[in-house]
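Read the structure below first, then the notes.
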Amino acid sequence: MAGDEVYGNDPKLRCDLHERRIGYVLAVARDHRVMTGIGVRRAIDLAVRLPARVWARLSAGIGAKGQRWYDWALVDITDPDIPGDHALLIRRSIRTGELAFYRCYTPTPVPLATLVAVAGRRWTIEESF
């Protein structure tokens, strides 16, 4: 499931999806707080500290002008009460450096490319509206 910040910032929705074991990639604000191994941190604070080696250039899919290339990073986040993989997916514009954030959950591990593809689907859905 993919969704914008309205959905990403809704803890009740995320809880319902966890209970149903439905994976998601939901956009969140830059000041969205997540639990990490070093405590609660804002998404933006995690992003600015990432070393260059963790970023991967991947396409979020085909857009109106061809492939939509961005740099992507994945930060593990924790939720001791909910089994499965939890992560903060970060997208960085190659051209401007602008950042976007996605809270992710999958019942079983999936590769970064899969999470990127799901994040990219949101744009396709919004274009349809």
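Before we move on, is R42 out of contact with any Asp or Glu (no Cβ under 8 Å at 6 or more places or on another chain) and among the basic types (K, R)? Criteria not met by R42. Within this structure, Y7 fails the test of being surrounded by 11 or more Cβ atoms within 10 Å (Cβ to Cβ), under 16 Å from V118 (Cα atoms) and modelled with pLDDT of 95 or more. Looking across the range 87-106 at every residue that is open to solvent by less than 60 Å² (accessible area, probe 1.4 Å) and either modelled with pLDDT under 95 or among the hydroxyl-bearing types (S, T, Y) (or both), the one that is nearest to the chain's Cα centre (by Cα) is identified as Y102. Within the range 18-46, work out how many residues are assigned to a helix (DSSP H, G or I) and surrounded by fewer than 19 Cβ atoms within 10 Å (Cβ to Cβ). Selection size over the range 18-46: 4. For V116, state whether it is of a type in the set (A, V, I, L, M, F, W, C), assigned to a strand (DSSP E or B) and modelled with pLDDT of 95 or more. No. The set of residues in the range 53-81 being in a strand (DSSP E or B), within 17 Å of I38 (Cα to Cα) and open to solvent by 100 Å² or more (accessible area, probe 1.4 Å) consists of D76 alone. Identify all residues within the range 1-17 that are part of a helix (DSSP H, G or I) and either touching a residue at least 24 places away in the same chain (Cβ under 8 Å) or of a type outside the set (K, R) (or both); write none if there are none. Hits for the range 1-17 are E5, V6, Y7, G8, P11, L13, R14, C15, D16, L17.
Every condition in (1) touching a Gly at 6+ places or on another chain (Cβ under 9 Å); (2) among the aliphatic types (A, V, I, L, M); (3) farther than 20 Å from E5 by Cα holds for I38 except the one numbered (1).
The values are calculated or read from the model by the stated rules, or taken from the named source; none is laboratory data. Computed from a prediction, not measured in an experiment: that's the story for all the values here. Don't worry about glycine lacking a Cβ; one is built from the backbone with ideal geometry, like all the others, and counts go over all protein chains shown. Quick note on the areas: whole protein, heavy atoms, side chains included, nothing else; ligands and nucleic acids left out. Shrake-Rupley method; radii C 1.70, N 1.55, O 1.52, S 1.80 Å.
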